[in-house]
Amino acid sequence: MIQTNTALYYWIGGGLLLLAFLYFISLYNYLVNLKNRISKNWANIDVLLKQRNDELHKLIETCKQYRDFERSTLEAIVLARNNAQAAQTKVNMAELGIAESAIRSGLTKLFALAENYPDLKTNQSFLQLQARISDLESSIADRRELYNESVNINNITIEQFPSNLVAHAFHFSSADLLEFSVEEKQDVDVKKLFTSE
């Protein structure tokens, strides 16, 4: 009878160790999945940002054909675009958020100012670029939401017990959210855009 009880305890202990090991493996795999999901979501944003930056170059060149078009608006967009590309290369979410806010602000101003140029407003290339950039902006916003959600899930998971033990042991780290400035979240004062130049 004692032998049976001892064997039973070994079986129970072995079963518990096996369950703990399987749980550890599932936590580790889940953390790997989260890390890769963040990378995939960032890659999706990166592709869209590159496409949008290419379109911005074409849009600026189209606007430059109109001699009187506000140079400062175009220069601000070019500077913001360059800053965004540098932040993308470094995968610096804080700098990218600032640069993206400047791009969106510049585009809002550019599209509003285009109303003062009837020839530009009817230029087929300008209209196509404006529509393409607007579509890309919507896609970027959607992808940014997915990216931030995956970052949030990752950051919560690596802070919670017991997954924090596995995360610490295997050097899983938190990721930065992609956030834009407060100005971008405010309503646009279109009247101010027309009178600022």
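The values are calculated or read from the model by the stated rules, or taken from the named source; none is laboratory data. Since we're looking at a predicted model, the values are computed, not measured. Ideal geometry is used to build each Cβ from the backbone, glycine not excepted, and the neighbour counts take in all protein chains shown.
Checking the conditions here, which among Q3, Q51, Q88 is under 19 Å from S125 (Cα atoms) and either modelled with pLDDT of 90 or more or part of a helix (DSSP H, G or I) (or both)?
On inspection, the qualifying residue turns out to be Q51.
How many of the residues making up the range 153-164 are surrounded by 13 or more Cβ atoms within 10 Å (Cβ to Cβ) and under 13 Å from L34 (Cα atoms)? Spell out how you get there, then give the answer.
Applying the first criterion (surrounded by 13 or more Cβ atoms within 10 Å (Cβ to Cβ)) to the range 153-164 yields 153-155, 157-158, 163-164.
From what is left, the residues that are under 13 Å from L34 (Cα atoms) are 153-155, 157-158, 163.
Adding up the residues that qualify gives 6.
Quick check, is I98 surrounded by 15 or more Cβ atoms within 10 Å (Cβ to Cβ) and closer than 18 Å to E137 by Cβ?
Details: surrounded by 15 or more Cβ atoms within 10 Å (Cβ to Cβ): yes; closer than 18 Å to E137 by Cβ: yes.
Against the criterion (surrounded by 15 or more Cβ atoms within 10 Å (Cβ to Cβ) and closer than 18 Å to E137 by Cβ), I98 qualifies.
Are any residues in the range 145-197 at pLDDT 90 or above, more than 21 Å from N41 (Cβ to Cβ) and not in a loop (DSSP other than H, G, I, E, B), and if so, which ones?
Once the filter is applied, which keeps residues that are at pLDDT 90 or above, more than 21 Å from N41 (Cβ to Cβ) and not in a loop (DSSP other than H, G, I, E, B), the range 145-197 yields N164, L165, V166, H168, A169.
Before we move on, is A141 loosely packed, with under 15 Cβ neighbours inside 10 Å and in a helix (DSSP H, G or I)? It would help to see each step written out before you state the result.
Working: loosely packed, with under 15 Cβ neighbours inside 10 Å: yes; in a helix (DSSP H, G or I): yes.
For A141, the condition - loosely packed, with under 15 Cβ neighbours inside 10 Å and in a helix (DSSP H, G or I) - is met.
State whether one or more residues within the range 40-62 are of a type in the set (S, T, N, Q) and closer than 29 Å to Q160 by Cβ.
yes
Here is a check on your reading of the model: is L79 in contact with a Gly (Cβ under 9 Å, 6 or more places away or on another chain), surrounded by 11 or more Cβ atoms within 10 Å (Cβ to Cβ) and at pLDDT below 90?
no
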